[in-house]
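Novice: Structure below; questions to follow.
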Amino acid sequence: MIQEQNYWLTTVEMPKTDPSRALADTADVAVIGAGFTGLSAARTLAKSGAKVIVLEGETIGWGASSRNGGMVLTGMKLGVNQLISMYGREHTQRMYAASLASIDCVERLVAEESIACDFSRCGHLEVACKPAHFEDYARQVEVIRREFNHELRIVQRNELRSEIGSDIYYGGLVDETSVGLNPARYVAGLGAAAMRAGACVYEKTRVESIERETKQGAAGWKVRTARGSTWVREVFVGTSGYTGKATPTLQKKIIPIGSYIIVTRVLSDALAHELSPRRRMIYDSKNYIYYYRLTPDQRLLFGGRAAFFPESGNSVRRSAEILRRGMVEVYPQLRDTEVEFVWGGTLDFAFDIMPHAGQIDGIYYALGYAGHGVAMATYQGHLMAQQIAGQKPDNPFEGIPFPGAPLGLYNGKPWFLPFAGAYYKILDWVS
Ligand SMILES: Cc1cc2nc3c(=O)[nH]c(=O)nc-3n(C[C@H](O)[C@H](O)[C@H](O)COP(=O)(O)OP(=O)(O)OC[C@H]3O[C@@H](n4cnc5c(N)ncnc54)[C@H](O)[C@@H]3O)c2cc1C
């Protein structure tokens, strides 16, 4: 019997907050959202001496931060050639370097705060679904070596069994720098660290509106929440795929897209070793991507965009069947293996599929991670906190053009997702 439940949450206890605590009247900074972005920002701000409140509509880590695959990957969602054509060589070099620095940032944070989240530099493996995708790997390796001084390794089809117990792919690409971790334990540890640093986290405190208000001559914001109002000097938004009407300008720039995961029962040592001998983080080369890995307790976690819509009871149930079929296509050995968990979460895609950070309508924000957010969200939260605290960190994603919908045809309700889903399926057939 499949449980419609996030497996990672069965491995962790989230830090407790005090539900009876009255909302502070004032603070230096209100951080909206208690995921990687918001909690990382809150920790850095609190350590710099600011009075920080974190306002979370649900509970700590409730959003994508506890629901993801725990794959901490190098690079960005877009390929390097496309990035170079969009931003030029020098800017792309800074972006790529930031993707590596973001992983180091997570590693440092996990060590400094002693977060037991199974952080492991196991590397990632990308697998080619078509011969043309494999040919492109050679070009990528060359560009990434030349432009970013970073080494990747091609795995020929006849050597692939040393990396993965599947015969359906045309070859692979390995990056040893990438990391696997347990995301729910990581976000729980980050929450505890932010609170130890002095940040005050309010759960079940949804922000309803944010308005400019001057108080005793100081410019700031009146933030109305489900638990009353507060006045703050600055607001930082880290609401990712759950960005809503409290920040309407951001809502119109972000497309929420569903991603779903199934997890099997615990596998035998021999079967787990056969599926993934090096315990890599694995994903394929399709637009309608599958991503998968062993969990630390040796289950197979298998995820994908089985339905494009954000999660609901219905889409989660349908996804369990679609993902199970996908898993058995990749690994016929799992035909009779029980799936124990299924759940979904919401990704945040900007219209240019890039992370974005900066200030909009006077409010600070960081979002748009497009499924590459475990490290980047942590890093952007940290960098934006430094910026709010008056430092000038190098952040290559800050202030880059942030496009809205073409012709402005989007009010925050993604009516076009079924068409986009069909479009990507067609692309996977033809390219
Ligand atoms: C199924 C799935 C698999 C993924 N796999 C990977 C992966 O393997 N590797 C990877 O790098 N990335 C992955 N991602 C993406 C990654 O999880 C996200 O990019 C990252 O967690 C974003 O963190 P965040 O803190 O910005 O947002 P979230 O963790 O989504 O937190 C946003 C929070 O804001 C709160 N909120 C929203 N509006 C309000 C409001 N008005 N008032 C108060 N609170 C509000 C929400 O309740 C939520 O808790 C995956 C995502 C999903 C859904």
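Novice: Of the conditions (1) within 16 Å of the ligand (Cβ to nearest atom); (2) buried (at least 18 other Cβ atoms within 10 Å of the Cβ), Trp231 satisfies every one except a single condition; which number is it?
Specialist: (1)
Novice: A further question follows. Answer yes or no as to whether Ile426 is aliphatic (A, V, I, L, M), modelled with pLDDT of 90 or more and open to solvent by 30 Å² or more (accessible area, probe 1.4 Å).
Specialist: Working: aliphatic (A, V, I, L, M): yes; modelled with pLDDT of 90 or more: no; open to solvent by 30 Å² or more (accessible area, probe 1.4 Å): yes.
No; evaluated as a whole, the condition is false for this residue.
Novice: Here's a follow-up. Got a sec? Which of Arg121, Arg139, Arg153 is open to solvent by 10 Å² or more (accessible area, probe 1.4 Å), among the basic types (Lys, Arg) and without any contact (Cβ under 8 Å) to a residue 40 or more places away in the chain?
Specialist: Of Arg121, Arg139, Arg153, the one residue that is open to solvent by 10 Å² or more (accessible area, probe 1.4 Å), among the basic types (Lys, Arg) and without any contact (Cβ under 8 Å) to a residue 40 or more places away in the chain is Arg153.
Novice: Test Glu208 against the stated conditions and say whether it is out of contact with any Asp or Glu (no Cβ under 7 Å at 6 or more places or on another chain), without any contact (Cβ under 8 Å) to a residue 24 or more places away in the chain and open to solvent by 20 Å² or more (accessible area, probe 1.4 Å).
Specialist: no
Novice: Would you check if Thr10 is under 22 Å from the mean Cα position of the chain (by Cα) and more than 10 Å from the ligand (Cβ to nearest atom)? Working first, answer last.
Specialist: Details: under 22 Å from the mean Cα position of the chain (by Cα): yes; more than 10 Å from the ligand (Cβ to nearest atom): yes.
It is true that Thr10 is under 22 Å from the mean Cα position of the chain (by Cα) and more than 10 Å from the ligand (Cβ to nearest atom).
Novice: Right, another one. Return only the number of the condition from (1) within 24 Å of Ser259 (Cα to Cα); (2) open to solvent by 10 Å² or more (accessible area, probe 1.4 Å) that Ser102 does not satisfy.
Specialist: Result: Ser102 passes all but (2).
Novice: Pairs under 9 Å by beta carbon, first residue at positive phi in region 42-57, partner open to solvent by 10 Å² or more (accessible area, probe 1.4 Å) and modelled with pLDDT of 95 or more, six or more apart or different chains?
Specialist: Note: pairs meeting the criteria are Gly49/Asp28; Gly49/Gly198; Gly49/Ala389.
Novice: Determine which member of the set Ala34, Ala27, Ala41 is more than 19 Å from the chain's Cα centre (by Cα) and either crowded, with 20+ Cβ neighbours inside 10 Å or more than 20 Å from Tyr379 (Cα to Cα) (or both).
Specialist: Details: Ala34 fails: more than 19 Å from the chain's Cα centre (by Cα); Ala41 fails: more than 19 Å from the chain's Cα centre (by Cα).
Being more than 19 Å from the chain's Cα centre (by Cα) and either crowded, with 20+ Cβ neighbours inside 10 Å or more than 20 Å from Tyr379 (Cα to Cα) (or both) holds for just one of Ala34, Ala27, Ala41, which is Ala27.
Novice: Could you run through region 163-181 and say how many residues are open to solvent by 10 Å² or more (accessible area, probe 1.4 Å), within 23 Å of Gly326 (Cα to Cα) and out of contact with any Phe, Trp or Tyr (no Cβ under 7 Å at 6 or more places or on another chain)?
Specialist: 2
Novice: Quick one: count up the residues across region 335-354 that are in a strand (DSSP E or B) and within 13 Å of the ligand (Cβ to nearest atom).
Specialist: Within region 335-354, the subset in a strand (DSSP E or B) is 339-350.
Within this subset, residues satisfying the condition of being within 13 Å of the ligand (Cβ to nearest atom) are 341-350.
Qualifying residue count, region 335-354: 10.
Novice: Related question: Could you identify the single residue in Gly69, Gly57, Gly88 that is within 15 Å of the ligand (Cβ to nearest atom), small (Gly, Ala, Ser) and farther than 24 Å from Ile32 by Cβ? Write out each step before concluding.
Specialist: Details: Gly57 fails: farther than 24 Å from Ile32 by Cβ; Gly88 fails: within 15 Å of the ligand (Cβ to nearest atom).
Being within 15 Å of the ligand (Cβ to nearest atom), small (Gly, Ala, Ser) and farther than 24 Å from Ile32 by Cβ holds for just one of Gly69, Gly57, Gly88, which is Gly69.
Matching residues to (1) within 12 Å of the ligand (Cβ to nearest atom); (2) in contact (Cβ under 8 Å) with a residue 60 or more places away in the chain; (3) in a loop (DSSP other than H, G, I, E, B):
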| residue | (1), (2), (3) |
| --- | --- |
| Gly358 | no, no, no |
| Tyr365 | yes, yes, no |
| Val374 | yes, yes, no |
| Thr378 | yes, yes, no |
| Gln386 | no, yes, no |
| Asn395 | no, yes, yes |
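Novice: Would you confirm whether any residue within region 244-266 is within 11 Å of the ligand (Cβ to nearest atom), among the small types (Gly, Ala, Ser) and in contact with a Leu (Cβ under 8 Å, 6 or more places away or on another chain)?
Specialist: yes
Novice: For region 212-228: of the residues being in contact (Cβ under 8 Å) with a residue 60 or more places away in the chain and open to solvent by less than 60 Å² (accessible area, probe 1.4 Å), which is nearest to the ligand (Cβ to nearest atom)?
Specialist: The residue in question is Thr225.
Novice: Against the condition part of a strand (DSSP E or B) and over 28 Å from the mean Cα position of the chain (by Cα), how does Ser229 come out, does it pass? I'd like the intermediate steps shown before the answer.
Specialist: Details: part of a strand (DSSP E or B): yes; over 28 Å from the mean Cα position of the chain (by Cα): yes.
Yes; evaluated as a whole, the condition is true for this residue.
Novice: Is it the case that region 56-68 has a residue that's buried (at least 24 other Cβ atoms within 10 Å of the Cβ), in a loop (DSSP other than H, G, I, E, B) and charged (D, E, K, R)? Even if it seems obvious, please write down each step before you answer.
Specialist: Step one: list which residues in region 56-68 are buried (at least 24 other Cβ atoms within 10 Å of the Cβ), which gives 56, 60-61, 63-68.
Among the residues that remain, those that are also in a loop (DSSP other than H, G, I, E, B) are: 56, 60-61, 63, 68.
Going one step further and asking which of them are charged (D, E, K, R), we end up with 56.
Yes; the residues of region 56-68 include at least one that is buried (at least 24 other Cβ atoms within 10 Å of the Cβ), in a loop (DSSP other than H, G, I, E, B) and charged (D, E, K, R).
The values are calculated or read from the model by the stated rules, or taken from the named source; none is laboratory data. These numbers come from a predicted model, not from an experiment. Backbone-built Cβ (ideal geometry, glycine too); neighbour counts: all protein chains shown. Just the protein is used for accessible areas: all its heavy atoms, side chains included, with ligands, DNA and RNA removed. Shrake-Rupley method; radii C 1.70, N 1.55, O 1.52, S 1.80 Å.
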